[in-house]
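Heads up, the thing below is written out as structure tokens.
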Amino acid sequence: MSQENIIIIGIIVFAALYLIWLYNRIVSYKNNAIEGWSNVIATERQKAKILPDLIELTQNYQAHEQATLDNVTKLRTAVAKMKKEDVDVSGLGMIEQVSKELVGSISMVAEAYPDLKASETYITTMKSVERQNEMVGAAIRVFNSNVNNFNSLIQSFPALLVNKLLNREKNLNTFEDNESSKAFEFKPNL
């Protein structure tokens, strides 16, 4: 075998190994995004488990408010529908909005009843809800970071070519909190 043939075979082997590495990198980044989504789902489900405790606690202080109970049902149903395989950021936005409304209505009840607001059980449960909200926020930030990394990879050359030929993955959507972003006057020129 001539030296030229060895060089050509070496280049072909190197190119094949590089394509395999890029393919696996795309798969890995997609799996990271899915794992991030799974973490969002898990923290939302934890929060959904705590909120009924708050409702039960405040029911002694308010007339049976149907809107609050409807929000709990809507929240639990939406969280139960979240699936690891289906990244649904619009559904997550609805869940976050209902959750904020629910906590807001519970807080209004607590404001009307100072003895409830001073209750150790209420304080502990509200702290649990706040912790879960922080954990959901952290999980969303990790998810968005993983999605951005994945999207950047499949949009960059030469991974773009490997993706178009082999993986055929599409860009994923990041979660955007439209309600919170309305409060900002600065809008980046993207």
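Structural remarks
- The sole residue among 145, 152, 99 that is exposed (fewer than 13 other Cβ atoms within 10 Å of the Cβ), closer than 30 Å to residue 172 by Cβ, at pLDDT 75 or above and hydroxyl-bearing (Ser, Thr, Tyr) is 152.
- Any chance residue 92 is assigned to a helix (DSSP H, G or I), under 30 Å from residue 172 (Cβ atoms) and at pLDDT below 95: yes
- Residue 89 being surrounded by 15 or more Cβ atoms within 10 Å (Cβ to Cβ) and more than 15 Å from the chain's Cα centre (by Cα): no
- Here the condition is being assigned to a helix (DSSP H, G or I), of a type in the set (A, V, I, L, M, F, W, C), touching a residue at least 24 places away in the same chain (Cβ under 8 Å) and under 22 Å from residue 40 (Cα atoms); of 140, 154, 106, it holds for 140 alone.
- Scanning segment 101-118 for residues that are more than 17 Å from residue 53 (Cβ to Cβ) and hydrophobic (A, V, I, L, M, F, W, C) yields 108, 112, 118.
Residue-wise test of (1) among the hydrophobic types (A, V, I, L, M, F, W, C); (2) modelled with pLDDT under 90; (3) surrounded by fewer than 16 Cβ atoms within 10 Å (Cβ to Cβ); (4) more than 26 Å from residue 16 (Cβ to Cβ).
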residue: 159; (1), (2), (3), (4): yes, no, no, no
residue: 164; (1), (2), (3), (4): no, no, yes, no
residue: 170; (1), (2), (3), (4): no, no, yes, no
residue: 178; (1), (2), (3), (4): no, yes, yes, yes
residue: 183; (1), (2), (3), (4): yes, yes, yes, yes
residue: 187; (1), (2), (3), (4): no, yes, yes, yes
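- Whether a residue is over 21 Å from the mean Cα position of the chain (by Cα), modelled with pLDDT under 90 and either in a helix (DSSP H, G or I) or farther than 30 Å from residue 16 by Cβ (or both) was assessed, and residue 125 passes this test.
- Out of 4, 44, 56, sole residue that is more than 29 Å from residue 163 (Cα to Cα), in a helix (DSSP H, G or I) and modelled with pLDDT of 90 or more: 4
- Check on residue 133, touching a helix residue (DSSP H, G or I) at 6+ places or on another chain (Cβ under 8 Å), under 23 Å from residue 43 (Cβ atoms) and either among the polar types (S, T, N, Q) or without any contact (Cβ under 8 Å) to a residue 24 or more places away in the chain (or both): yes
The values are calculated or read from the model by the stated rules, or taken from the named source; none is laboratory data. From a predicted model like this one, the values you see are computed outputs, not experimental measurements. FYI the Cβ positions are ideal-geometry reconstructions off the backbone, even for glycines, and counts take in every protein chain you see.
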